[in-house]
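Following: one structure in C-alpha cells, then a few remarks.
The values are calculated or read from the model by the stated rules, or taken from the named source; none is laboratory data. Being a predicted model, the structure only gives us computed values, none of them experimental. Using ideal geometry, Cβ is built from the backbone for each residue, glycine included, and neighbour counts are taken over all protein chains shown. Protein only, heavy atoms only, side chains kept; ligands, DNA and RNA dropped before computing areas. Shrake-Rupley method; radii C 1.70, N 1.55, O 1.52, S 1.80 Å.
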Amino acid sequence: MAAAAERLPGEGSRSRLGRVGRALGRGPLHLFLLLMALFWLTPTFGLLITSFRSSAASAESGWWTVFTEPRQLTLEPYKEVLANESLVQALFNTLYITVPASLLVVLIAALAAYAFAWIDFKGREPLFLLIVALLIVPLQMALLPVSRLFGNLGIFGTIPAAVFFHIAFGLPFAIFLLRNFFIGIPTELLEAARIDGASELGIFTRIVLPLGMPAIASLLIFQFLWTWNDLLVALTFTASDAIPITVAIQQELRTFGANLDIIAPAAFLSMIVPLIVFFAFQRYFVQGLLAGSVK
Amino acid sequence: MAVLFLGPALLFVGALVIYPTLDTVGQSFRSEAGAFVGVDNYKAVAETERIKTAIKNNFIWVATAPAIITALGLMFAILTERVRYSTAIKIIVFMPMAISFLATGVIWRVMYEPSPELGFINAATGLVYNTFNGPGAYPDAKVLPDVPLEQAKPGAPIVTTEEFTAGESALIGLTAVAEDDVPADSVQAAAPQAPADGLGVVVWRDFKPGGGVPGELEQGEIGLPGADVEVLSATGEVVASGTTGSDGSVTFSGLGEGPFKAQVAESTFAQGFAGVDWLGPNLVTPAIIGAFSWMWAGFAVVVIGAGLAALPRDVLEAARVDGANEWQTFRHVTLPLLAPVLGVVFVTMVINVLKIFDIVLVTAPGASQDEANVIALEMFKTTFSSRQYGVGSAVAVLLFILVIPVMFINIRRFRREN
C-alpha cells in the first residue's frame, strides 16, 4: 500500500499505457494462436456435427450449414448405431480387448522390470539390451507367423488372440519404462526390507509397486489408448463377432458417403472413452510420453 | 528367483515377438509352399509397381512429415510460452493424439470432400479463390449458331465477327444463360443510342418464350446486366471497357472512327472454384500427411515444451543481458540447447512414419489406394489379401531393415545413459 502511495503521479498511467502498447504489439501473436487453435478444433468439431446429421443432409450440404439451419440436427444416427447389434457388440469387444491387454501388460512388465532393476542374475545386461532392441521391431514382422501359430492353437479370430498379441508387443516398451523408473527407487529401502527378511515378492508388492505408481499409471493409460485405438492388430487377428469398433467402422468405409450417418456417430462413440481418459489423466499421459518417446 | 519374475514376459516376447521375427526372415526366402527360393521374393519386391510406389511414398513421408511436425511443435512451444493461455492451446493441439488413426482418417475424409459445398477445406479454399478470381456473371453462357459472333472455346471471350464504325451499335446475344444467373433488376433489352465518336453495345438473352429469331433483338428478350464488355481496335487491342446496365447496354465515347469489334470478356464466363480433389490420385499422399501432422503436432508441442521449460534460465538471461535480441537468443542459445529434444521428436516421428498404416488405409478412398500405398500397408495387402506369403514377408523385412538404424541409436543412447 505504502509503495503505491509513494508512486509519482503519472507513473501509473504510463505503465498502463506500456501494458496497452505491449498488448497491441502482441495482437498478431494472439490472433495467430487463436486461428491455429480454431484450425485444430475444426476437424473434430466438423465430425461431431456430421454425426448428428442424416446421410441425405451430408450429401447435400456441408456440416457448417447447421449454423443457419439448426433443424438438420437429429439424434437419429446415434439411435440407429445404438440399435445396431453388431456395432454395439464391437464397442464392447474393444473394451474386452483393451482392459485385459492393458492390465496384463502392466503386471507382466512390472515383474520383469523389477527383476531387471533389482535382482542380480547372469545375463541381465544383454537381456535388457535385447528388450531395448525390440522396442522398435515393426509388428508387421510378426503378423504372418503369429496368425499361423494362433491358427494351430485354435484361437485365431478371437478376442484372446488380439489380447495376447497386444501384450507381447506392448511388453518391450513397458519393461523399458518401468525398469527405468524402478531403478530410481532408493536402494536403502529395498536393502532394509531384505534385512527384515521380506521375500522378493513381498518387496515387489509392498515397496516397488506403490512407489512405482506414477510410472505404472502412465503406462496403463498409454497402453489403454494404444490398444483401444488399434486397427492393424485387430484387423489381422479378430474376425466376425470378435471384431472391435475400429474394424467394424473400417468395414463400412467402402461406401463412405452413403454410410456416413453410421460411420460418423460410430467414430465419435469410439472416441469418447479415449477422450475421457485423456482429459482425466492427461498428466500421466504426458509423463508416459516424455519418459520414452521411442515406440 | 529372477526366472519367476521374468518368465511371463520372456514367454510372451519369445513366442510372439522374437520367434515370429526370425520366422518372417526365413519365410522371406521361401515360397508359399515352403521351398527355398533364394532372393526371388526380394526381386519381386524390387520389380512390382505397387511396391515401388509404396517405397517412394514412404520416402516422401519420411522426407516431409517429421520435419513438418517438429517445426510445428517448435513453433507452438515457443509462441505459447509467451501467452497466459498456453495450457489451453497445448491441450487443443494435443487432443488429436488421444484418438485413433481410424477416427482421424474419418474426420479428414469429411474435411477433404472434393465439392466446395461439402468439404470444409474446399469451402475455405474456394472462399479465398473466389475473392480474387470470382465466378463471372454468366459462367455457362454460349453463342447461338448462325449469328455473327464467335467464341474460340467455352469460357473464351465472345467476339463479334463483323466490324463496326463510330455511331453504330453491336449486338451480342447470348444463350444458355442459367435462370439463377439473371439478376432481378434486368429489363427489356434495348440497343443504346451510340455516341457519334463511339460505340454502343448491348448484351442480351437472345431467347424468349416461344423461341424468337436468333441474332435479332426482339420484344420480350431481356438485357444481361453486369457483363464485362471490351472494345477492340482493328489490331485487336482493347481500347475501352465497361459493364452493361440493367437493359444490357453500355456505350463508349471518344473512341475515334473505328473500325471496332466488341467482345464480352473472359471474366464474364469465368467458372467459380470447382473444388480440389484432395484425396484423388495426385494429391492423396500430401493430403494424408497433412492429416497426420494435425494429429501428431501435439506430441511435438508437449515434448519440445517440456524441453523448453527445462532450459537453464540463467543462460537465456545472460544472452539477453549481453544485448542479444529475441531472434538472436533463439537462434544462438535456445535452438542449440534444444537440439537433443528436437532430435528425439524427429527420430520418433521417423519411426512412426516408416510404420504408417491405418491412416492411409482409412483416409485414401478406394480409387486412390494404390497411389497412396505405403510399405506397411503393402505388407498387409500382399500377405493377407493376395496371400503371397513370401513376398509379403520380404516387404516386412524391408520395413524392419529401414528401422534398424534407429534400433542402434536407441541401444547406444541407452548404454551412454547407464
Requested in this report: Output the number of the condition that B:VAL159 fails; it satisfies all remaining conditions of (1) open to solvent by 20 Å² or more (accessible area, probe 1.4 Å); (2) under 25 Å from B:GLY212 (Cα atoms); (3) touching an Asp or Glu at 6+ places or on another chain (Cβ under 8 Å); (4) part of a loop (DSSP other than H, G, I, E, B).
Outcome: (4)
Query raised in the report: Quick one: B:GLY343 ticks every box in (1) within 14 Å of chain A (Cβ to nearest Cβ); (2) touching a residue at least 40 places away in the same chain (Cβ under 8 Å); (3) assigned to a helix (DSSP H, G or I) bar one, so which box is it?
Result: (2)
Report summary line: If you go through B:VAL45, B:VAL37, the only one that is open to solvent by less than 50 Å² (accessible area, probe 1.4 Å), farther than 17 Å from A:LEU130 by Cα and either more than 14 Å from chain A (Cβ to nearest Cβ) or among the hydroxyl-bearing types (Ser, Thr, Tyr) (or both) is B:VAL37
Report task. Could you check, for the stretch B:291-312, whether at least one of its residues is part of a helix (DSSP H, G or I), open to solvent by 60 Å² or more (accessible area, probe 1.4 Å) and either modelled with pLDDT of 85 or more or of a type in the set (D, E, K, R) (or both)? Result -> no
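Given the structure, is B:VAL303 among the β-branched types (Val, Ile, Thr) and without any contact (Cβ under 8 Å) to a residue 60 or more places away in the chain? Walk me through how you get there before you give the answer.
Values: among the β-branched types (Val, Ile, Thr): yes; without any contact (Cβ under 8 Å) to a residue 60 or more places away in the chain: no.
When the stated conditions are applied, B:VAL303 does not pass them.
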Report summary line: The residue from B:PHE207, B:PHE164 that alone is open to solvent by 40 Å² or more (accessible area, probe 1.4 Å) and either in contact with a Phe, Trp or Tyr (Cβ under 8 Å, 6 or more places away or on another chain) or hydrophobic (A, V, I, L, M, F, W, C) (or both) is B:PHE207
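When you scan the stretch B:109-120, do you find a residue that is farther than 20 Å from B:ALA300 by Cα, part of a helix (DSSP H, G or I) and either more than 20 Å from the chain's Cα centre (by Cα) or among the polar types (S, T, N, Q) (or both), even just one? Talk me through it step by step, then tell me what you get.
Start the filter on the stretch B:109-120 by keeping residues that are farther than 20 Å from B:ALA300 by Cα, which leaves B:109-120.
Right, trim to part of a helix (DSSP H, G or I) and you get B:109-111, B:120.
Okay, now just the ones that are also either more than 20 Å from the chain's Cα centre (by Cα) or among the polar types (S, T, N, Q) (or both), so none.
No, every residue in the stretch B:109-120 fails to be farther than 20 Å from B:ALA300 by Cα, part of a helix (DSSP H, G or I) and either more than 20 Å from the chain's Cα centre (by Cα) or among the polar types (S, T, N, Q) (or both).
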Query raised in the report: When you scan the stretch A:241-252, how many residues do you find that are surrounded by fewer than 20 Cβ atoms within 10 Å (Cβ to Cβ) and within 19 Å of B:LYS381 (Cα to Cα)?
Result: 2
**Report entry** Test: residue in the stretch A:131-151 that is more than 9 Å from chain B (Cβ to nearest Cβ) and either within 25 Å of A:ALA90 (Cβ to Cβ) or over 23 Å from the mean Cα position of the chain (by Cα) (or both)
**Finding:** yes
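State all residues of the stretch B:365-375 that are facing chain A (nearest Cβ under 10 Å) and surrounded by 22 or more Cβ atoms within 10 Å (Cβ to Cβ); if no residue qualifies, say none. Let's see the steps before the verdict.
Step one: filter the stretch B:365-375 for residues facing chain A (nearest Cβ under 10 Å), giving B:365-366, B:375.
Matches in the stretch B:365-375: B:ILE375 only.
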Report summary line: Within the stretch B:376-396, the residues that are open to solvent by 10 Å² or more (accessible area, probe 1.4 Å) and either under 33 Å from the mean Cα position of the chain (by Cα) or of a type in the set (D, E, K, R) (or both) are B:PHE380, B:LYS381, B:PHE384, B:SER385, B:SER386, B:ARG387
Query raised in the report: Are there any pairs with C-beta distances below 9 angstrom linking a residue in the stretch A:104-123 that is under 16 Å from A:ILE207 (Cα atoms) and facing another protein chain (nearest Cβ under 8 Å) to a residue that is assigned to a helix (DSSP H, G or I) and acidic (Asp, Glu), with the two at least 6 apart or on different chains, and if so which?
Result: A:TYR114/A:GLU200; A:ALA115/A:GLU200; A:ILE119/A:GLU200
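So if I check each of A:PRO265, A:PRO172, A:PRO214, which one is part of a helix (DSSP H, G or I), touching a residue at least 24 places away in the same chain (Cβ under 8 Å) and facing chain B (nearest Cβ under 8 Å)? Lay out the reasoning, then the answer.
On the way: A:PRO265 fails: facing chain B (nearest Cβ under 8 Å); A:PRO214 fails: facing chain B (nearest Cβ under 8 Å).
Answer to the check: A:PRO172.
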